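Q: Quick one: structure below, then a few questions.
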Amino acid sequence: MIKSSLVQTIAEQNPHLYQRDVENIVNAILNEITEALAKGDRVELRGFGAFSVKNRGARVGRNPRTGERVEVEEKWVPFFISDKFSLATKFMAISFSLKTGKCNAWQRDFMVLI
């Protein structure tokens, strides 16, 4: 899902909000996550996952076209770890069970909450 489809989905689920307001909210959340990661902080969204940054040390790489050695500098890269029981996992399990017609107790309870 890309940001524009996320904004559209949230706006459709909340008709009392203007789409531009939803877009401002989504941008504010993503900007806060970005700023926290830039500071080296960890951002955890319960039931979804955690964002953090990892250090990739300097190394010697190779140019794939010429095969010549290239020095790659140390860098910090964003990293995401999904919760074991994230909502995305639950939604995938529910959609699979709806297709197969088999549904267990927690899936029925979860669908009631939605």
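Taken together, the values in this text are just the output of simple stated rules run on the coordinates, not laboratory data. Note that this is a predicted model, so its numbers are computed, not measured. Cβ atoms come from the backbone with ideal geometry, glycine included; neighbour counts cover every protein chain shown.
Q: Residues with beta-carbon under 13 Å from that of VAL22, excluding VAL22: net charge, scoring Lys, Arg +1 and Asp, Glu -1?
A: Residues close to VAL22 contribute a combined charge of -1.
Q: Could you tell me which chymotrypsin sites (Phe, Trp or Tyr not before Pro) in the stretch 1-52 are loop residues by DSSP with no more than 12 other beta carbons within 10 angstrom of their beta carbon?
A: Those satisfying the criteria are TYR18.
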